[in-house]
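The values are calculated or read from the model by the stated rules, or taken from the named source; none is laboratory data. Since this is a predicted model, take the numbers as computed values, not measurements. So basically every Cβ, Gly included, is an ideal-geometry build from the backbone, and we count neighbours across all protein chains shown.
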Amino acid sequence: MNILVVGSDSRDGDNAEYGKNLTTMQPDTLMVLHMAANRKWAAVVSLPRDSWVQTPACGRGNGTASAPHRIKINEAFAIGGTTGDIGGAAARTIKAIEQNTGLRIDRFLSVGFQGLKGMADALGGTEVCPEQATHDTKAHLDPKAGCQTVEGEQALGYVHTRYSVGDGSDVGRIGRQPEFMQALAVKAQNKLTSPGDLYSFLDWATTSLTTDETLAGITPLTSLASSLKGIREDRG
């Protein structure tokens with residue numbers, strides 16, 4: 001199973017504190033989570049949001065359609081979400097990914113700024129191990145080198161920082177994203193040890209996530225999470 005994970009930059013609702021001048025949805029984070037059929041291993045691949053791709057013709061969700069053209073891949077999300085519909089935005093992005101990579105995307109999951117912060121906080125923070133100290137005022141990030149636990153704004157900044165990493169492009173940022181996701185998954189495996197704990201966490205998480213119809217709701221998310229509990233840290 002391949003799941004598209006989108007880090008939405010929507011400023012609606014509680015996310016307005018991160019700026020109100022953004023009028024389109026152009027995600028900072030695009031990742032594909034691949035899970036083996038036997039659920040014994042998994043892998044995450046980040047797609048640089050600034051990647052230039054050829055996008056197919058697609059509806060905008062407002063009765064109009066765009067012709068095939070060359071765009072940055074995160075623009076596909078904005079075009080498909082012209083009316084603010086995340087499902088339409090994800091559908092357009094999935095088409096662009098499938099056409100340009102040959103991958104089949106089975107599901108999608110979108111999480112906003114507050115949702116990512118909330119999940120890290122609900123688990124008591126997430127351990128990350130940057131090799132170098134980082135200072136990024138735009139990302140509210142100032143961690144030292146070495147392993148440490150981040151939560152709140154620090155967790156959000158760790159995933160989104162780009163100007164203080166490498167050459168300031170998306171390539172310098174994407175290495176942190178799978179690392180953070182793996183650390184978050186390991187923390188969840190270690191902390192959510194009972195079905196009740198897992199259910200309660202996912203029940204809260206559904207308020208921060210947007211998914212396709214197949215994953216919508218606490219029951220399918222709990223089933224998916226439970227099927228992944230057997231993946232060892234060195235195989236994910």
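From the list Val53, Val45, pick out the single residue that is closer than 29 Å to Pro220 by Cα and either modelled with pLDDT under 85 or part of a strand (DSSP E or B) (or both).
After applying the criteria, what remains is Val45.
Restricting to region 149-169, name every residue that is at pLDDT below 75 and crowded, with 19+ Cβ neighbours inside 10 Å.
If the condition is that a residue be at pLDDT below 75 and crowded, with 19+ Cβ neighbours inside 10 Å, then Ser164, Val165 are the ones that fit.
Where the second residue is hydroxyl-bearing (Ser, Thr, Tyr) and the first is surrounded by 13 or more Cβ atoms within 10 Å (Cβ to Cβ) and lies in region 211-229, which pairs have Cβ atoms under 6 Å and are six or more apart or on separate chains?
What qualifies is Ile218/Thr206; Thr222/Tyr199.
Conditions (1) among the aromatic types (Phe, Trp, Tyr); (2) at pLDDT 85 or above; (3) under 25 Å from Glu213 (Cβ atoms); (4) exposed (fewer than 15 other Cβ atoms within 10 Å of the Cβ), marked per residue:
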position: Ser8; (1), (2), (3), (4): no, no, yes, no
position: Glu17; (1), (2), (3), (4): no, no, no, yes
position: Lys40; (1), (2), (3), (4): no, yes, no, yes
position: Ala57; (1), (2), (3), (4): no, no, yes, yes
position: Ala65; (1), (2), (3), (4): no, no, yes, yes
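Return yes or no: is Val171 outside any loop (DSSP other than H, G, I, E, B) and touching a helix residue (DSSP H, G or I) at 6+ places or on another chain (Cβ under 6 Å)?
Spelling it out, it is not the case that Val171 is outside any loop (DSSP other than H, G, I, E, B) and touching a helix residue (DSSP H, G or I) at 6+ places or on another chain (Cβ under 6 Å).
For residues in region 88-123 being charged (D, E, K, R), surrounded by fewer than 20 Cβ atoms within 10 Å (Cβ to Cβ) and within 23 Å of Arg70 (Cβ to Cβ), which is modelled with the lowest pLDDT?
Only one residue fits best here, namely Lys95.
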